[in-house]
1. From the list Glu162, Glu148, exactly one residue is surrounded by 12 or more Cβ atoms within 10 Å (Cβ to Cβ), among the charged types (D, E, K, R) and touching a helix residue (DSSP H, G or I) at 6+ places or on another chain (Cβ under 8 Å). Which is it?
2. Residues in segment 1-41 that are of a type in the set (Ser, Thr, Tyr) and either modelled with pLDDT under 95 or not in a strand (DSSP E or B) (or both): how many?
3. What residue, among those in segment 138-148 that are within 22 Å of the chain's Cα centre (by Cα) and in contact (Cβ under 8 Å) with a residue 24 or more places away in the chain, is nearest to Ala176 (Cα to Cα)?
4. Residues to consider are Gly38, Gly45; find the one that is without any contact (Cβ under 8 Å) to a residue 12 or more places away in the chain, of a type outside the set (Ser, Thr, Tyr) and not assigned by TED's automatic domain parsing to the domain that holds Glu148.
5. When Ala88 is evaluated against the numbered criteria (1) under 30 Å from Asp32 (Cα atoms); (2) without any contact (Cβ under 8 Å) to a residue 24 or more places away in the chain; (3) in contact with a Ser or Thr (Cβ under 8 Å, 6 or more places away or on another chain), which criterion, by number, is the only one it fails?
6. Can you name the number of the only condition in (1) exposed (fewer than 11 other Cβ atoms within 10 Å of the Cβ); (2) among the hydrophobic types (A, V, I, L, M, F, W, C); (3) over 19 Å from the mean Cα position of the chain (by Cα) that Ile35 fails?
Amino acid sequence: MAIKKLPTTSNPWKPQSSKRIYENPWLSLHEDKVINPGGGLSHYGKINFKNLAIGIIPLDEDNNTWLVGQYRYVPDCYSWEIPMGGGALDIHPIESAKRELKEETGLIASDWQELMKLHTSNSVTDERGLVYVARDLTQGKTEFEEVEELLIQKLPLSEAVERVLNGEITDAISIAGLLMLHYKT
């Protein structure tokens, strides 16, 4: 069996024009006209995010973690997730991670490690995500934002991973982060 040559890494898409359809403080939606890799003219919808998506997996000395539960408006369902939020592009991501962890769980960590980088849905958006592991935890008070009505649950990391595997956790960043941490430890 012959080894198939990998495609080049240069961009085969040729942008022709771009039209902004919608914009708010968090994202912008564009419709682009492009020449696709096959040579045809295509329309491509593209969502550009104005923040990083930052997830945090707090982990104590007994291998427990914390999940936050909230009703998510867009998918119209309740969701259990790792603590997460948006990080401004002009602020170091670790500062945003510290803020989000404190806001959503009340936890303060003195040991931070970047676990992974990811693209959340790279066929339609440029959103980039980072997931951190936070250790050496101290419990403080939560500082929920006006749009947050959260439940907080402390549980063994193994149980959080089991919830991923049985489909109870469906958030992509939570799934990726929890599985990555599970397989790295």
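The values are calculated or read from the model by the stated rules, or taken from the named source; none is laboratory data. These figures come from a predicted structure and were not determined experimentally. Glycine gets a Cβ as well: all are built from the backbone with ideal geometry, and neighbour counts include every protein chain shown.
1. On the way: Glu162 fails: touching a helix residue (DSSP H, G or I) at 6+ places or on another chain (Cβ under 8 Å).
Only one candidate passes the filter, namely Glu148.
2. Final tally of qualifying residues: 3.
3. In this case the residue turns out to be Glu148.
4. Values: Gly45 fails: without any contact (Cβ under 8 Å) to a residue 12 or more places away in the chain.
Going through Gly38, Gly45 in turn, just one is without any contact (Cβ under 8 Å) to a residue 12 or more places away in the chain, of a type outside the set (Ser, Thr, Tyr) and not assigned by TED's automatic domain parsing to the domain that holds Glu148: Gly38.
5. (2)
6. Among (1) exposed (fewer than 11 other Cβ atoms within 10 Å of the Cβ); (2) among the hydrophobic types (A, V, I, L, M, F, W, C); (3) over 19 Å from the mean Cα position of the chain (by Cα), the lone unmet condition for Ile35 is (1).
The rows are residues; the columns are (1) in contact with a helix residue (DSSP H, G or I) (Cβ under 8 Å, 6 or more places away or on another chain); (2) in the same structural domain as Thr138 (by TED's automatic domain parsing); (3) of a type in the set (A, V, I, L, M, F, W, C).
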site	(1), (2), (3)
Lys33	no, no, no
Leu59	yes, yes, yes
Asp62	no, yes, no
Tyr71	no, yes, no
Pro75	no, yes, no
Tyr78	no, yes, no
Pro83	yes, yes, no
Ala97	no, yes, yes
Ser110	no, yes, no
